[in-house]
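A short worksheet on the structure shown next.
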Amino acid sequence: MERKGQIELRLMSTLSLIGVVGVDITENSLICPFLAGLPAQAGQLLIDNNHRATEKEVFMIEVRDHEKVDFHLGEVLANNRRFENAAQTTARMILEKRPVEMIRGGTIMYDYPLFREGNLHIVGWYEEINTFVNFVIDASEGGDSKERAFVLVGEPGNGKTFFIKYVCEKFRSFISRLENRKYTFEFVGMEKLGTYKNLDVIQSQTLEDPMILAMNLLETQDESLKYLAQTGFTDHMLDRLLTNYRPLGACSEYIWHDIRTYCDGKREKMLDFIRIVPVRVTKDFGMMTEKYSAGDKITASAEDLRGASDISRELRLTDSSNPFRYNVRAGTLARAAGGGIHFFDEFFRNKVDLMQICLQVIQDRDIELQGHHWSIDTLILGTSNTDAYHKFVAERTEGPIKDRCQVCFVSHNTDYKLQSTLTGYVLNGADGAEERKTIMGEPLHQDPNLNYALSVAAALTRIPRTEKLSPIEAMKLEAGEIAGEKSVKTLTEVKQELNAQQDVSKRWGQKGIGHRGLGRIKNRTLALPATQKGKCLLALDCFKEIEKEINDYVSEAMDREKFMADVKIARKEFRRQVETAIYNAYRDDPEAIRKDVMAYVYMVIGIGSDKLGPDNIWRYYDPRTGEQKPLKIDKRYIDSVETRMGFSTEERKETFRTTVRKIYGHKMATEPTYDFMDQENLVKAVTEVRLKSEVAGAGSLVGALINQTDEECRRLRNKMLDTMQTKLGYCITCALSNIEYFCEKQDEA
């Protein structure tokens, strides 16, 4: 046939289940109703632009050697390809890097490097991650978790959905590597059978592994296993294969039976109809990691989960009883059924009929549609807000579903140090380098104390009130800091008592300002005219926006009252940060306060040492540098600091010194860089002693900063402003704001 203007069309895909189809060609156009369903490497079609629609051409499929079943079996035998279930793949992914043993809140636990990778990683979540990992490992070993779903329950904005999306992204990346790649099979040459009109290639709807086909290859399982034994599989290998055995899906079984009949049961001839292909894994393609979000009662349908009949297929099947007439992959379950992860977002908000489907899927790992069954291999994860979970449990009509879920209650992050990383995500973007500008396009500065102010305020609102610990003590212990005489054991007892509450909302960290709330606070602060005019995001302004957030988004009066009180405490903690910055600016040293506090600590240790010479010079090793340094012990300085702290007798002073020595001895063994800056009373006393002894004329630093008529005071203020801008990261706007705030004596403890 004469051809003009030949075009080579390469069709690559795998989304739908239809493979090769007939193509009608009209002038300058190509009509291909199932173009999205063409399999990968479908071949080439030469098209004449002037061809008329009266002619039909069909793709010719050639199964290459590396796409044959025997080749795949050999690769599995050689450990070049894997046959494992979804939980085993996930467990192997998590344990690929050795977990790190750590002590958190006085409890030994493990931290897994997988969850800490990249700029935007999981922050905190130590207990939740350990629970999730143990669930996955148990499921991978065939435990009870294999027939359960893992559901995260908590308040909005605490990272539940982000966690599962993070796991899914890592999973896609993991199985995209050549050694971890997932494979499935396609039936090719189907038009030869006569009952599959224009359906030359059909891919497994549930992305079944080729080893599933191999274990169901012949009429009986014994015959199939005997065949596998002949190819080289040992009895031990076969036993391992059988742990992940499942029957072929309804349509695969039906099609395979048709092929067996056509080939008179001849194995080699049957295998010519099979092609092994890798599963295409991309985020947008919706394969292997699939998400289903709960819809409303009108739009949500069972078809969204398990698929439905497809009229276009029915027109191409002469056998009306063929299960392939159902497009199972139109539902979300089938697209992750070949060893992937299925994510139910807002799991407990689903309609009752959909929950019944979920129960069957979770318990039996099976998709049922009009009496046909497709066995699936899927790790099922879900999320739910606390209110939806409470409502679901209160109805008491779907107890079996709750019983089939391992519910993990997720609290807000209550460690203000870890929260600073999350706050950084809000303020600076995932990579920490987001450049903000004013509405006029000018660079927008950020107050160095802004992150601290937001982090402390958020953490305090999330920490429940308790008689055993003050809010500050609880916050410090949660962050691994010293809190006076209170120990982490007390914090553990408080958590255990609260987490035993039947009402989840009363448990530790279940209420408070969430991540989205911090985003709204930042946006409102950005919108302030003062922010745009001063070209700086001020920490002081954010406190006003925190109060607005509480009034606008916290519905319960008791919670609002508690949160407002927490904001007042946060302002006092912010005040300490400002005082530290002012002190460092006055001393013209970014670490002045830390050095002076540690000088007191080393003096206290040295004064009781038998190596102290008559010149009161004591030599110590700096744990930061490992260098030996001399220090002259000033007993008057030690006495002044302790007097400022309220210790009036020698006995009380010596008791405090003993406490300092014990803390130093304990911390140097586990945290050599510890600097006692969490000892608020000590820091405050050192600051006051230094300022009182060194500021002359005005009587205090506040007086010197306020008195701008005196030349010396004016010179001091200008010098401090210069230090704050050149060494401490302030701009002129936030430097002046913090100095003014310091002078006004607001929020003093």
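The values are calculated or read from the model by the stated rules, or taken from the named source; none is laboratory data. Just so we're clear, the structure is a prediction, and the values are computed from it rather than from any experiment. Using ideal geometry, Cβ is built from the backbone for each residue, glycine included, and neighbour counts are taken over all protein chains shown.
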>> Considering only residues that are among the charged types (D, E, K, R) and surrounded by fewer than 18 Cβ atoms within 10 Å (Cβ to Cβ), which ones fall in the range 305-330?
In response: Glu314, Asp319
> Hey, does the range 112-122 have a residue that's surrounded by fewer than 18 Cβ atoms within 10 Å (Cβ to Cβ), of a type in the set (S, T, N, Q) and within 30 Å of Gly517 (Cβ to Cβ)?
Replying inline: yes
>> Being touching a Ser or Thr at 6+ places or on another chain (Cβ under 9 Å) and small (Gly, Ala, Ser) is the filter here; which residues of the range 61-80 pass it?
In response: Gly74
> If you take the residues of the range 457-495 that are of a type in the set (D, E, K, R) and not in a helix (DSSP H, G or I), which of them is nearest to Gly509 (Cα to Cα)?
Replying inline: Arg465
> Which number in (1) charged (D, E, K, R); (2) surrounded by fewer than 11 Cβ atoms within 10 Å (Cβ to Cβ); (3) closer than 30 Å to Gly106 by Cα marks the one condition that Glu650 misses?
Replying inline: (3)
> Would it be correct to say that Ser145 is touching a residue at least 12 places away in the same chain (Cβ under 8 Å), among the polar types (S, T, N, Q) and in contact with a Phe, Trp or Tyr (Cβ under 6 Å, 6 or more places away or on another chain)?
Replying inline: yes
> Any idea which residue in the range 720-749 is farthest from Ile582 (Cα to Cα), counting only those that are among the aromatic types (Phe, Trp, Tyr) and in a helix (DSSP H, G or I)?
Replying inline: Tyr741
> Among the residues of the range 621-637, is any under 24 Å from Arg576 (Cα atoms) and either without any contact (Cβ under 8 Å) to a residue 24 or more places away in the chain or of a type outside the set (Lys, Arg) (or both)?
Replying inline: yes
> Given Arg576, Arg624, which one is among the basic types (Lys, Arg), under 30 Å from Met724 (Cα atoms), part of a loop (DSSP other than H, G, I, E, B) and under 49 Å from the mean Cα position of the chain (by Cα)?
Replying inline: Arg624
> Within the range 700-715, is there a residue that is part of a helix (DSSP H, G or I), surrounded by 14 or more Cβ atoms within 10 Å (Cβ to Cβ) and of a type in the set (S, T, N, Q)?
Replying inline: no
>> Restricting to the range 361-387, name every residue that is of a type outside the set (Phe, Trp, Tyr) and more than 28 Å from the chain's Cα centre (by Cα).
In response: Asp364, Asp366, Ile367, Glu368, Leu369, Gln370, Gly371, His372, His373, Ser375
> Among the residues of the range 494-537 satisfying the criterion of being closer than 24 Å to Val393 by Cα and touching a Phe, Trp or Tyr at 6+ places or on another chain (Cβ under 7 Å), which is modelled with the lowest pLDDT?
Replying inline: Val504
> Hey, among the residues in the range 698-740 that are at pLDDT 90 or above and small (Gly, Ala, Ser), which one's nearest to Leu538 (Cα to Cα)?
Replying inline: Ser737
> Restricting attention to the range 369-401, which residues are in a loop (DSSP other than H, G, I, E, B) and over 19 Å from Lys291 (Cα atoms)?
Replying inline: Gln370, Gly371, Arg396, Thr397, Glu398
>> Here's a check for you: in the range 471-493, which residue that is among the small types (Gly, Ala, Ser) and buried (at least 16 other Cβ atoms within 10 Å of the Cβ) is modelled with the lowest pLDDT?
In response: Ala483
> Do any helices (runs of 4 or more DSSP H) entirely within the range 246-318 hold 3 or more residues that are of a type in the set (Ser, Thr, Tyr), and if so, which?
Replying inline: 250-262
> Being assigned by TED's automatic domain parsing to the domain that holds Val689, touching a residue at least 24 places away in the same chain (Cβ under 8 Å), within 18 Å of Val683 (Cα to Cα) and of a type in the set (A, V, I, L, M, F, W, C), is that true of even one residue in the range 654-663?
Replying inline: yes
> Is there a residue being in a helix (DSSP H, G or I), of a type in the set (A, V, I, L, M, F, W, C), in contact (Cβ under 8 Å) with a residue 60 or more places away in the chain and surrounded by fewer than 22 Cβ atoms within 10 Å (Cβ to Cβ) anywhere in the range 190-205?
Replying inline: yes
>> Looking at Phe115, Phe171, Phe185, Phe150 in this structure, which one is modelled with pLDDT of 90 or more, in contact with a Pro (Cβ under 7 Å, 6 or more places away or on another chain) and hydrophobic (A, V, I, L, M, F, W, C)?
In response: Phe185
